[in-house]
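Read the structure below first, then the notes.
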Amino acid sequence: MPDRALDPRPTAVVIGASVAGLLAASALTAFADVIVVERDTLPDGPEPRRGVPQARHAHMVWSAGVKAFDELLPGVVDEVVAEGGRLIHVTGDMVSRAPNEIWFRRFLATHHRNLVCSRGLLDHVLRRRVLADARVTVRQNTTALALEGDTGRVTGVRVRTGDEETSLTADLVVDASGRGSRTPRWLADLGLPAPAEREVDAGVAYATRLYRAPGTSGDGSFPLVNVQANPAKAPGRGGIVLPVEGGRWIVTLSGTRGGEPTADPEAFVAFALGLGDPVIGELLVDATPIGDVATTHATANRRRYYEKLRQWPDGLLVLGDAVAGYNPVYGHGLTVAARSAVIVRDALRATDLTAPGTARRVQRAASRPVSAAWDLAVGQDAFYPGASAVPPTAAERFLARFVDRAVATGARSPRALGALLDVMSLEKPPTRLFSPDMLVPMLFGPKRAHLDGPPLTEAERKSARR
């Protein structure tokens with residue numbers, strides 16, 4: 001830790017070397033020396049680690065997240081692409097069926113580009129960039145035990161490395177420890193109230209298997225193939241084929257209560273063939289599996305409303321999944337983490353990190369992308385049986401019907417699709433759906449019919465055959 005007598009820069013401690021933690025550390029380097037506390041041993045290469053239980057499943061960074069990554073770490077997206085990641089055109093490089101069972105046409109009229117790669121590669125490139133900064137140090141195999149301070153200010157964090165416990169003094173502590181965050185308990189230990197929480201659990205289970213891309217489909221041009229579950233037809237089942245680096249496909253299948261996929265490798269392709277459209281199963285017939293099936297059930301939408309607490313201590317921020325975790329099918333977690341880190345950086349440019357009230361203002365500002373992603377996820381998942389103790393309100397039902405109609409319009413109108421993707425990518429607020437770009441095509445067109453099947457070209461189908 002820097003000697004504050006010699007170095008007047010503040011000190012920040014970030015709990016967790018997650019994507020949210022790494023991006024927060026990067027955002028803070030302009031204002032403080034940063035210590036990242038990580039309970040795991042970080043891998044040297046692009047391998048999954050124990051602290052990221054969903055690392056083997058399909059991941060995607062929406063266009064707003066791509067822009068935020070490059071704002072925080074200029075050129076980092078190009079680094080991921082240079083090592084095998086892809087910037088895909090949405091929806092030109094995607095074959096996607098919406099939850100209302102409508103296939104999107106593959107328009108090339110929008111600017112949206114999503115980053116697609118394995119989670120191991122993304123984490124590796126981010127770690128390499130962030131931890132190379134001399135203003136960032138990392139303490140691996142170190143567990144955060146408690147916050148230090150009082151009801152007015154957090155002054156550090158108590159940690160354990162091996163059998164040794166010590167205190168890290170900090171001007172700012174950032175909890176980016178993920179879904180298992182213990183901040184509610186730590187706040188209680190300081191004499192502060194716990195935040196209100198809400199959970200909407202569609203009961204989704206995920207099963208993922210890695211495949212060697214069949215035929216010539218591993219050349220980096222094969223489209224992402226996505227069949228989304230329909231909440232109106234419980235159990236909802238879906239799946240995605242995510243072509244990634246190394247000529248591989250990450251294939252993730254999902255199902256809600258009563259329709260969950262299993263870890264049985266013999267049942268994997270059969271489950272895919274049984275989706276609302278069998279296209280994923282058909283593509284897997286000639287693909288060679290690599291390894292076993294990985295499963296997870298930790299998919300509930302869970303949010304802690306820290307920004308609404310009347311009393312908030314100086315010197316504390318909570319970011320990433322520690323604030324809100326989403327059903328991974330919507331792919332918003334990484335994008336929210338990146339946008340929140342940009343908000344933190346921009347907010348601290350206008351105020352002193354150590355000033356009274358700064359942490360509270362920044363916590364509230366960082367909740368904006370959280371709220372946007374939460375509304376999108378819950379707007380779908382709340383309609384699954386048993387998802388929430390509180391049934392959807394009349395307003396939520398109206399909005400769900402409107403979004404269905406917006407999807408149906410965007411599926412065959414490039415103008416409307418642009419508005420839809422602006423919202424889905426978290427680039428713009430939901431009010432964008434009520435703009436003329438959506439309402440005019442919705443009310444007066446388009447005239448072309450919906451597709452009756454997945455828009456894979458014959459050349460693409462042929463490339464996926466042995």
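The values are calculated or read from the model by the stated rules, or taken from the named source; none is laboratory data. Not measured: the values here are computed from a predicted model. Here Cβ is always computed from backbone atoms with ideal geometry, including for glycine, and neighbour counts include all displayed protein chains. Heavy atoms of the whole protein, side chains included, go into the accessibility calculation; ligands, DNA and RNA do not. Shrake-Rupley method; radii C 1.70, N 1.55, O 1.52, S 1.80 Å.
Selection of segment 138-149 for residues being open to solvent by 70 Å² or more (accessible area, probe 1.4 Å) and either closer than 19 Å to residue 353 by Cβ or in a strand (DSSP E or B) (or both) yields only 139.
When the test is whether a residue is modelled with pLDDT under 95, open to solvent by less than 10 Å² (accessible area, probe 1.4 Å) and either on the phi > 0 side of the Ramachandran plot or not in a helix (DSSP H, G or I) (or both), residue 377 does not pass it.
Apart from one condition, residue 437 fits all of (1) open to solvent by less than 30 Å² (accessible area, probe 1.4 Å); (2) over 26 Å from residue 237 (Cα atoms); (3) acidic (Asp, Glu); the exception is (1).
Restricting attention to segment 290-301, the residues being within 30 Å of residue 457 (Cβ to Cβ) and in contact with a helix residue (DSSP H, G or I) (Cβ under 7 Å, 6 or more places away or on another chain) number 1.
For segment 310-348, name all the residues that are open to solvent by 10 Å² or more (accessible area, probe 1.4 Å), closer than 22 Å to residue 118 by Cα and β-branched (Val, Ile, Thr). Of everything in segment 310-348, just one residue is open to solvent by 10 Å² or more (accessible area, probe 1.4 Å), closer than 22 Å to residue 118 by Cα and β-branched (Val, Ile, Thr), namely 329.
Among the residues of segment 230-242, the ones that are of a type in the set (A, V, I, L, M), over 17 Å from residue 455 (Cβ atoms) and open to solvent by 20 Å² or more (accessible area, probe 1.4 Å) come to 2 in all.
For segment 266-277, residues that are under 21 Å from residue 291 (Cβ atoms), small (Gly, Ala, Ser) and open to solvent by less than 60 Å² (accessible area, probe 1.4 Å) total 2.
If you check residue 386 against the conditions, is it touching an Asp or Glu at 6+ places or on another chain (Cβ under 8 Å) and at pLDDT below 95? Taking the combined requirement at face value, the residue satisfies it. Name the single residue that is least open to solvent (accessible area, probe 1.4 Å) among those in segment 380-414 being over 24 Å from the mean Cα position of the chain (by Cα) and charged (D, E, K, R). Checking each candidate, the answer is 412. Against the list (1) touching a Ser or Thr at 6+ places or on another chain (Cβ under 6 Å); (2) among the hydrophobic types (A, V, I, L, M, F, W, C); (3) open to solvent by less than 40 Å² (accessible area, probe 1.4 Å), the condition residue 263 fails is (3).
For every residue, the table says whether it meets (1) touching a residue at least 12 places away in the same chain (Cβ under 8 Å); (2) within 22 Å of the chain's Cα centre (by Cα); (3) more than 25 Å from residue 120 (Cα to Cα).
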{"site": "270", "(1), (2), (3)": "no, no, yes"}
{"site": "277", "(1), (2), (3)": "yes, no, yes"}
{"site": "284", "(1), (2), (3)": "yes, no, no"}
{"site": "288", "(1), (2), (3)": "yes, no, no"}
{"site": "298", "(1), (2), (3)": "yes, yes, no"}
{"site": "318", "(1), (2), (3)": "yes, yes, no"}
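For segment 407-414, does any single residue satisfy the condition of being assigned to a loop (DSSP other than H, G, I, E, B), closer than 23 Å to residue 94 by Cβ and not hydrophobic (A, V, I, L, M, F, W, C)? Checking segment 407-414: at least one residue is assigned to a loop (DSSP other than H, G, I, E, B), closer than 23 Å to residue 94 by Cβ and not hydrophobic (A, V, I, L, M, F, W, C). Applying the criterion of being in contact with a Ser or Thr (Cβ under 7 Å, 6 or more places away or on another chain) and not in a helix (DSSP H, G or I) to the residues of segment 104-134, the residue that is surrounded by the fewest Cβ atoms within 10 Å (Cβ to Cβ) is 133. Within segment 24-38, the set of residues being buried (at least 20 other Cβ atoms within 10 Å of the Cβ) and either of a type outside the set (Val, Ile, Thr) or in a loop (DSSP other than H, G, I, E, B) (or both) comprises 24, 25, 26, 27, 28, 31, 32, 33, 38.
The residues listed here are 423, 336; of these, the one that is assigned to a helix (DSSP H, G or I), at pLDDT 95 or above and under 15 Å from residue 301 (Cα atoms) is 336.
Residues of segment 166-219 that are in contact with a Gly (Cβ under 8 Å, 6 or more places away or on another chain), part of a loop (DSSP other than H, G, I, E, B) and either without any contact (Cβ under 8 Å) to a residue 60 or more places away in the chain or under 30 Å from residue 58 (Cα atoms) (or both): 176, 177, 178, 179, 201, 202, 203, 204, 213.
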